[in-house]
Amino acid sequence: AVLSVVLYHAGISMFSGGYVGVDIFFVISGFLITRIIHSEIEDDKFRLISFYERRIRRLLPAILTVCIASISAGWILLTPDQYSRFGLSVVASSLFVSNIWFWRNTNGYFDQASEFEPFLHTWSLSVEEQFYLFFPVFLLLLRRASIKTKFAILILISFGSLILAQWGLEDQAGATFYLLPTRAWELGIGALLAIAKLSVPKSPRVR
């Protein structure tokens, strides 16, 4: 998923649609995190504080390293106006709201000028972290519900998000691309796969 996005940005023509890797990333992310949370809730081992602590420990070292390296390089390479704008995007990225910042302050991900936004790639991480802010609470509220009930509610939410995304493509393309409500259906597909407890096919080829 990540490689296809990298090859798209490298300008390799056969990967002109490589940014679909972001969509795949969201599905995988929704699947993995839901499987962890749901299994811990079922075993009565899930704690919100512990979950958020693990997220912080996983993400903070990497994001701080990128921020420090980029700020240092920007001090040398950017003009004062560029550096000021860049600094705001760094703050937004550190607070996991860079998707909202780039939605409000760029003409879109595919705009030529966006190539000069060093932190543009963090928008997808912000969507993911915003999802993780609400989704564990959602699963906790449904902890006593049956799998069928959880499945049905998730289908409704995911389908609603998909409808909203399709509706927004014409007039609100930027918001549709960057914001959680129109990306939630992709994370929802992964979550549905995680809680469905689908039987594993016996055939290695089918698996």
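The values are calculated or read from the model by the stated rules, or taken from the named source; none is laboratory data. Only a predicted model underlies this, so the values are computations on that prediction, with no experimental measurement involved. All Cβ positions, even for glycine, are placed from backbone atoms using ideal geometry, and neighbour counts span all protein chains on display. These accessible areas exclude ligands, DNA and RNA; they are computed on the full protein's heavy atoms, side chains included. Shrake-Rupley method; radii C 1.70, N 1.55, O 1.52, S 1.80 Å.
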So the carbon and sulfur contribution to the accessible area of the chain, 1.4 Å probe, in percent, is 66 percent
For L141 and S16, what does the FRET efficiency come to when R0 = 45 Å and r is the distance between their Cβ atoms, rounded to the nearest 0.05? 0.60
Angle in degrees between helix 48-77 and the longest Cα principal axis of the chain, rounded to the nearest 10: 20 degrees
Springs between alpha-carbon atoms under 10 Å, Gaussian network over the chain: tell me which of I157, I49, I147 tops the mean-square fluctuations. I49
Looking only at segment 123-147, which residues have a backbone nitrogen under 18 Å from a spot 7 Å from the Cα of E40 in the C-beta direction? 128-144
For segment 77-173: rounded, prolate or oblate by the Cα gyration tensor [a/c cutoff 1.5]: oblate
What residue among L64, L139, L192 shows peak mean-square fluctuation when the chain is described by a Gaussian network model with Cα springs under 10 Å? L64
Summing -39500 (n - 2.57) over the DSSP H runs of n ≥ 4 in the chain and dividing by its residue number, what mean residue ellipticity at 222 nm do you reach, to the nearest 500 deg cm²/dmol? -23500 deg cm²/dmol
Between F134 and K148, what is the label-to-label distance in nm when each label sits 7 Å out along the Cα-to-Cβ direction? 2.8 nm
Take the chain, connect every pair of alpha-carbon atoms lying under 10 Å apart with a spring to form a Gaussian network, then pick out the residue of L48, L187, L125 with the largest mean-square fluctuation. L48
What angle do you read, to the nearest 10 degrees and between 0 and 90, between the alpha-carbon axis of helix 123-141 and the longest principal axis of the chain? 30 degrees
When ligands, DNA and RNA are left out and all protein chains stay put, how many square angstrom of accessible area per residue does segment 161-207 have with a 1.4 Å probe? 63 Å²
When only alpha-carbon atoms are used, what values of Rg and Dmax, in angstrom, describe the chain? 18.9, 61
